[in-house]
Amino acid sequence: MSKKHWAVFIDNTSNKNQLIDTLLQGKADSNFKALNNSKGGLYSKRVLEKFIEEEDRHDTKIINIEKGQTLKTMSSGEQKKAMLSHLLKSNLDFLILDNPFDNIDFESQERLQSQLFEASKKISIIQLVSRKADLLPFIDNFASLEGSKLIFYKNKSEALAPHLNSVFNDEIPKPPKSYEIKDEVLIRLDGVGVKYVEKPILNNIHWTIRKGEFWELRGNNGSGKTTILSMITGDNPKGYGQELFIFGHKKGSGESVWEIKKLIGYFTPSITDKFTGYHSVEHMIISGLTDSIGLYVRSTEVQLRLAKEWLKLIDLWDVKDKLFHDLTMGQKRLVMCARAMIKHPPLLILDEPTAGLDDASAMLFVSLVNKFAKESTTTTVFVSHRKEPGLKPDYIYKLDMSENGSTGRVL
């Protein structure tokens, strides 16, 4: 008899941990009752991090014993493949997949999907999924998790019906001051190559980024996207001695790293982990003007007015006094994006900014980025390992991996 499989669509307000615990403890009701006397397992980022921590603590290999490689040294795709193989050896009756395709490139997704298809012939699969494009093709039952309540759909077409998203009607607020950048070319890489030990990462990279352009930097996990970014921001010494020019200065020609950083707005999801204090949403926006983590001095009238304009634009003015850490993930991303944009820096870098977001939140975020790129003079670089629906860059720079290091091309 064929196994039964479910997809549960989640957003940033879903209480997925409660659902996971209920299923694993055998306390489910409604459509999942049949699993209550079965052995279940969980495939998630949380479980992976526990395995990595365990290997570190005991200096041993728990999962990939045959190959003798620790999880920490693997790529994201390799980690997920190894963890799935390990879990499937446990003779499970069902397996819960918590956004299994997050943060891995298309090729790794295809390999993992093939592995899951084979597993689906023997065990039931419950896929918790934020992005509808990640839906496994063999799933035949569908629900959404609204808070803690499961809503079941009649069929696949009902489950995948599109939902209308908000749009940003107001104009992007004006910058508090303008930057004087003389050079038309902001960033130029001319034959840049990078190796770590003997492993080539980048090979003969040629890329020119000019004022006001909107670029998407695309490439698989491990293709060197982060290496390029870290050389531009000054966090990677591999740029010294190479034909790498930043705001008209050759890398290593006496430029100040801190002066360069002042000209760059940067956001990656991990930045939110640094904001552990009790900061209001309004103060978080204003801290983008002071380059601080949170706000520790009295705000000026100009700063307060500008924060109000941005919060009204992203429709969060009503929660201006709410604590930042109490927002949903999607709301936090919008606040952090606005924080990076508020000064209209000459260069804005958004590094995998939609990772982990549900479809609605991702589309809202992308809509804000498109609007800012269109209405400001800021040069924007949006970094992704996947094609982001709705993104409208002027150009795409693609990194193609090879044994000699990744090469780049404009699509």
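The values are calculated or read from the model by the stated rules, or taken from the named source; none is laboratory data. Here the structure is a predicted model, which is why all the values come from computation and not from measurement. Cβ: placed from backbone, ideal geometry, glycine included. Neighbour counts: every protein chain shown.
Worth pointing out:
- Count of region 22-48 residues which are in a helix (DSSP H, G or I) and either in contact with a strand residue (DSSP E or B) (Cβ under 9 Å, 6 or more places away or on another chain) or over 14 Å from Leu145 (Cα atoms) (or both): 12
- Helices (runs of 4 or more DSSP H) lying entirely in region 154-269 (those with 3 or more residues that are more than 24 Å from Leu391 (Cβ to Cβ)): 156-159, 257-261
- Top-ranked residue in region 222-237 [being farther than 16 Å from Asn203 by Cα and in contact (Cβ under 8 Å) with a residue 24 or more places away in the chain; ranked as surrounded by the most Cβ atoms within 10 Å (Cβ to Cβ)]: Ile232
- Taken together, the residues in region 181-207 that are buried (at least 21 other Cβ atoms within 10 Å of the Cβ) and without any contact (Cβ under 8 Å) to a residue 12 or more places away in the chain amount to 0.
- Residues satisfying the stated conditions in region 382-397, i.e. over 14 Å from the mean Cα position of the chain (by Cα) and under 29 Å from Ser178 (Cβ atoms): Leu391, Lys392, Pro393, Asp394, Tyr395, Ile396, Tyr397
- Looking across region 49-104, just one residue is in contact with a Ser or Thr (Cβ under 6 Å, 6 or more places away or on another chain), at pLDDT below 85 and of a type in the set (Asp, Glu), and that is Glu55.
- Some residue of region 365-374 being among the hydrophobic types (A, V, I, L, M, F, W, C), under 30 Å from Glu146 (Cα atoms) and touching a strand residue (DSSP E or B) at 6+ places or on another chain (Cβ under 8 Å): yes
- Taking the listed residues Asp170, Asp134, the one that is loosely packed, with under 15 Cβ neighbours inside 10 Å and out of contact with any Gly (no Cβ under 8 Å at 6 or more places or on another chain) is Asp170, with no other qualifying.
- Of all the residues in region 238-251, those that are in contact with an Asp or Glu (Cβ under 6 Å, 6 or more places away or on another chain) and in contact (Cβ under 8 Å) with a residue 24 or more places away in the chain number 2.
- Ser108 being crowded, with 19+ Cβ neighbours inside 10 Å and small (Gly, Ala, Ser): yes
- Sole residue being touching a Ser or Thr at 6+ places or on another chain (Cβ under 6 Å) and over 19 Å from Ile285 (Cβ atoms), chosen from Ala355, Ala362: Ala362
- Qualifying residue in region 347-370 (condition: of a type outside the set (Lys, Arg), within 28 Å of Ser230 (Cα to Cα) and in contact with a His (Cβ under 6 Å, 6 or more places away or on another chain)): no
- Test for Ser124: is it outside the structural domain of Gly248 (by TED's automatic domain parsing), among the polar types (S, T, N, Q) and either surrounded by fewer than 19 Cβ atoms within 10 Å (Cβ to Cβ) or within 26 Å of the chain's Cα centre (by Cα) (or both): no
- Some residue of region 326-337 being on the phi < 0 side of the Ramachandran plot, touching a strand residue (DSSP E or B) at 6+ places or on another chain (Cβ under 7 Å) and surrounded by 19 or more Cβ atoms within 10 Å (Cβ to Cβ): yes
- Pick from region 385-411, criterion touching a strand residue (DSSP E or B) at 6+ places or on another chain (Cβ under 7 Å), surrounded by 13 or more Cβ atoms within 10 Å (Cβ to Cβ) and among the hydrophobic types (A, V, I, L, M, F, W, C), ranking: nearest to Phe365 (Cα to Cα): Leu391
- Of the listed requirements (1) modelled with pLDDT under 90; (2) surrounded by 13 or more Cβ atoms within 10 Å (Cβ to Cβ), Leu145 misses just one: (1).
- Qualifying position, being free of Cβ contacts under 8 Å to residues at least 24 places away in the same chain and within 26 Å of the chain's Cα centre (by Cα), among Phe168, Phe117, Phe142: Phe117
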